[in-house]
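Below is one structure, written out as structure tokens; comments come after it.
Only the coordinates and a few stated rules stand behind these numbers; no lab work does. Only a predicted model underlies this, so the values are computations on that prediction, with no experimental measurement involved. Cβ placement follows ideal geometry from the backbone for every residue including glycine, while neighbour counts extend to all protein chains displayed.
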Amino acid sequence: MPQYMISVWHDDTYELDFSTPEAQRSVALVGAFNEELQEAGAWVFAAGLHPASSATVVRSSGGDVSMIDGPYAETKEQMGGFWMIEAVDLDAALAWAGKAAAACESPVELRPAQG
């Protein structure tokens, strides 16, 4: 069955304070979506990400490896997390992406996985 990545996007300054009532509400919504994915057999895996400021860019050129702090792309929005799902076709994956956007109350991007 084809796999798709649903990625969640946030402003680059998003906070990870899960103690607030708003964050707890969001955690509950996403948790319910995760359960629905699992019950439907569409769940592959998912993960939230720390802010892009925690990233390290690693490059390799001619056998030399270099590392620098910070995100690779300098944009106003950064990926905050993702789901890998299985769906019978693009229409089914788009339906899951719509539910993901509603659950996390943020835009999501859907992409088919290669292979």
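Counting every alpha-carbon pair across the stretch 4-47, the share separated by more than 13 Å comes to 66%.
Would you work out which of PHE33, HIS10, SER60 lies farthest towards the positive end of the dipole of the stretch 3-112? Charges go on Cβ: Lys and Arg +1, Asp and Glu -1. Farthest along the dipole direction, towards plus: SER60. Taking label points 7 Å from Cα along the Cα-to-Cβ direction, GLU109 and ASP17 give a separation of 2.9 nm. Cβ-Cβ distance of ALA28 and GLU77, R₀ of 35 Å, FRET efficiency by 1/(1 + (r/R0)^6): the value works out to about 0.90. A helix-only calculation puts the chain at -10500 deg cm²/dmol for mean residue ellipticity at 222 nm, using -39500 (n - 2.57) for each DSSP H run of at least four residues, averaged over all residues. Computed from the Cβ-Cβ distance with R0 of 22 Å, the FRET efficiency linking GLU39 to VAL88 stands at 0.85. Considering only SER54, SER19, SER66, the mean-square fluctuation computed in a Gaussian network model of the chain, springs between alpha carbons under 10 angstrom, is largest for SER66.
Given in Å, the Rg to one decimal and the Dmax to the nearest whole number for the Cα atoms of the stretch 3-112 are 15.9, 50. Using the Cα gyration tensor of the stretch 69-113, with a ≥ b ≥ c the square roots of its eigenvalues, what is the shape: rounded (a/c below 1.5), prolate (a/b larger than b/c) or oblate (neither)? It comes out prolate by the Cα gyration axes.
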